Amino acid sequence: MEVVPLSVGVASQRWDDQHLDLDAAAGQVGGAGTDGFTRAVSGAASRFLTQWQRHAETLGTDSEARADGLRVVIQDYVSSDEAAGIDLFLLSTYVTEQR
Amino acid sequence: MTTITLPPQPRPVPLLTCQPGAVRDCGGDLLAASAQIDDLGTFVAGDARIGDWTGRGSERYHETIAPIGRRADSMSLALRSVATRVDAHADELQRLLDRRTDLEERRSHLAGEVARLRGEIATATEDDAAALQAECDRVRREVEAYETDLTTWSSDLAAEETAMVQAFQRVQEAEAVERIWGGVVDPADAALATKPGSGASPGEVSTWWDSLTYVQQQAIITAAPGAIGNLDGIPAGTRNAANTVALDRDLANWTHTESLGVLTEDERTWLENARAADEARRNIADRVDPVTGEPIETQVYLYDPAAFDGDGAIAISAGNLDTADNVAVVVPGFGTDAESAGYQADRAATIYESTRYLDPDASNATMFWIGYDAPDNAPWDEGFDGAGVATESMATAGGEHLADTIDGLRESRDGEPAHLTAVGHSYGSTTTGHAAHDQGMEVDEIVFVGSPGVGGDTNDAGDTGIDPEHVWAGANSRDPIADLGNHGWVHGETLFGAGLGDDPAEDDFGGNRFEAESETRGGAFSFGDHSKYFDHDTESLYNISQIVNGNYDAVEHADHVYDPWHDGVQDPEHDRDPTTPATR
């Protein structure tokens with residue numbers, strides 16, 4: 001089995017951070033006001049914001065999926081018979097999602 | 001009987017219901033979100049790559065993330081383009097509103113003219129007919145010109161609305177984003193590759209920025225606000241745009257993370273600092289210019305919520321730093337960190353209001369500058385020992401930052417240089433003294449208020465490097481902090497290794513002392529009197545404002561503090577009745 005370095009765990013957390021930040025961006029887009037536009041424009045603005053909130057959420061979901069994928073890799077490795085070394089304990093701390 | 005033809009009634013101007021400010025806010029939200037999406041692209045191209053992981057699993061991972069990075073890049077560019085268009089739409093709406101106001105005034109005038117002519121015709125004689133017809137023809141031509149302009153206005157509004165709707169619809173779907181923006185190189189990338197290194201002077205930075213195209217500049221503001229937001233030599237308006245993107249993004253991110261209950265301790269500190277910056281800019285923007293009645297313009301000149309081990313760095317101006325005739329930088333002191341930004345913003349806005357009130361013909365900008373690591377040990381919290389244990393090390397380091405900031409303000413302006421004043425309050429006066437003495441800070445005026453000493457190496461006004469005629473001191477006779485400076489021959493910093501230097505209000509120092517008593521002063525020393533220098537309708541604010549405006553003849557001078565060999569320190573201001581000059 002291929003060795004999984006600690007950096008995989010670090011990357012998984014960074015993907016989680018991206019997920020959080022992109023969810024925040026999605027909320028920011030969805031929460032942007034359209035009251036200032038004229039009636040001729042406000043409808044198009046609302047549709048755009050709704051659609052782009054979904055785009056940002058999708059990117060966030062994809063980021064979370066990358067984090068989850070890396071955690072599966074870590075889980076498989078620390079559970080295997082071939083895992084060894086002083087980094088094993090530290091690596092196992094990344095198996096659980098922190099946030 | 002001759003027939004006289006009246007001019008037609010001018011058509012009414014259609015209503016235009018919109019709020020350019022709210023539209024601009026919407027654009028700001030989109031810009032901040034695009035910056036976040038851009039960060040994902042940067043992350044995928046950099047930190048997401050795991051260099052020390054090899055094998056099939058690693059290959060699959062890196063193959064999987066590449067499309068996410070490409071998608072993030074194209075989406076950030078698409079969203080940025082719409083955000084920029086929304087911002088331009090806000091500007092155009094404001095112009096259309098202004099044009100509508102003008103048209104409305106013309107229509108009202110012309111309607112009055114038509115009514116007048118109708119009245120005159122009703123009582124006219126045959127002899128008046130020719131002259132009245134000529135007058136009617138003149139008004140008719142004015143109505144026709146008005147009608148033409150009204151039609152142009154209406155079509156301009158319709159065209160602008162159509163263009164905005166198309167901008168929204170053009171990249172609404174993900175497929176369209178990929179088709180239009182997929183593979184497009186971010187203009188920020190090449191521009192950032194030529195950015196001067198970390199040791200570059202404000203002048204070098206300014207030259208680099210001016211060498212970029214408008215498109216490149218706008219791209220950097222969104223894609224890498226942190227690269228220029230706090231960079232001396234970048235114009236204040238640009239720094240404000242970049243820091244606004246960064247601040248709005250941070251507020252959204254950390255507020256969201258907080259709502260999920262997973263905010264780290266560091267992030268909580270940074271969020272509090274970001275909220276303080278937000279409060280500060282609102283404090284200023286909610287007030288109005290006393291001359292124009294318009295909201296005061298704000299510029300976020302410095303925003304780094306994590307600086308100084310979490311104390312944070314924030315500087316925000318009331319007024320436009322790029323164009324103002326007179327610019328003041330207020331340097332706060334003991335106990336200041338980013339969380340006090342709201343309080344400091346109030347001071348900056350107050351000075352702005354006062355300077356404008358006292359000289360309506362001059363444009364002004366006043367910036368509070370929390371740009372150095374100030375002592376946490378505030379004397380009013382910890383007694384005199386708090387000030388006593390403060391040394392000059394923080395002022396020395398802060399002075400270097402302050403001088404760089406002044407250099408940056410000077411270098412980044414086009415046209416006439418500003419009349420620039422550094423106002424150091426409390427320990428901030430020590431920092432200001434070091435900036436002048438150690439760094440050769442290039443200001444036109446130095447104002448020390450409530451000073452505990454201006455640094456051990458500054459023995460007189462001439463040591464600041466500024467003409468002593470332009471070195472000023474304000475000291476309330478009841479302010480205990482202003483009494484901490486060295487007097488006479490006693491020099492604490494050299495005798496005991498503590499103390500912050502000479503009192504700039506003393507006769508030996510050789511600067512100008514101005515009146516700074518407060519009508520609400522106590523009978524004895526009171527820490528409360530240390531915080532009244534920037535209150536409206538006080539001698540201190542009045543005189544600071546006159547100095548900032550360069551109106552030296554209007555400054556009310558005070559007799560200096562002196563320290564006779566046969567007696568204790570004497571303050572002639574102690575027994576003078578304070579006045580309340582109007583500052584608003």
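No lab work stands behind these numbers, since they all come straight from the coordinates. Keep in mind the model is a prediction, meaning the values are calculated, not measured. Note that each Cβ is placed from the backbone with ideal geometry, even for glycine, and that neighbours are counted across all protein chains shown.
Principal-axis analysis of the Cα atoms of chain A puts helix A:6-31 at an angle of about 10° to the longest axis.
Per-residue Cβ counts within 10 Å, from other chains only, averaged over B:183-194: what number is that?
0
Just so you know, the Cα atoms of the protein assembly as shown work out to an Rg and Dmax of 31.4, 118 Å. Against chain B, whose longest principal axis is taken from its Cα atoms, helix B:427-439 shows a tilt of about 90°. Residues in the range B:18-35 carry Karplus couplings, in order, of 6, 10, x, x, 5, 5, 5, 4, 4, x, x, 4, 5, 5, 5, 5, 5, 5 Hz; the curve used is 6.51 cos²θ - 1.76 cosθ + 1.60 with θ = phi - 60°, and Gly or Pro positions show x. In a simple Cβ point-charge model (Lys, Arg +1; Asp, Glu -1; nothing else charged), the protein assembly as shown has a dipole of about 3580 debye relative to its Cα centre. Can you give the log10 of the normalised intensity I(q)/I(0) at q = 0.16, 0.22, 0.27 Å⁻¹, computed with Debye over equal Cα scatterers of the range B:265-344? Once normalised to I(0) and log-transformed, intensities are -0.61, -1.01, -1.30.
Across peptide B:160-173, the mean count of Cβ atoms from other chains lying within 10 Å of each residue's own Cβ comes to 4. Counting only other chain Cβ atoms within 10 Å of each residue's Cβ, the peptide A:56-66 averages 4.
Work out, in µm²/s and without decimals, the Stokes-Einstein translational diffusion coefficient of chain B at 37 °C, 0.692 mPa s, Rh from Kirkwood over C-alpha pairs. Rounded, D is 120 µm²/s. Based on DSSP H segments of at least four residues, each scored -39500 (n - 2.57), chain B has a per-residue ellipticity at 222 nm of -17000 deg cm²/dmol.
Measure nothing fancy, just the Cα-based angle from helix B:214-223's long axis to the longest principal axis of chain B, in degrees from 0 to 90, nearest 10. Approximately 60 degrees, to the nearest ten. Looking at chain B, the DSSP beta bridges with both ends there are about 35 percent antiparallel. Of the peptides B:90-96, B:448-454, B:402-408, the order by per-residue mean of other Cβ atoms within 10 Å, starting with the highest, comes out as B:448-454, B:402-408, B:90-96.
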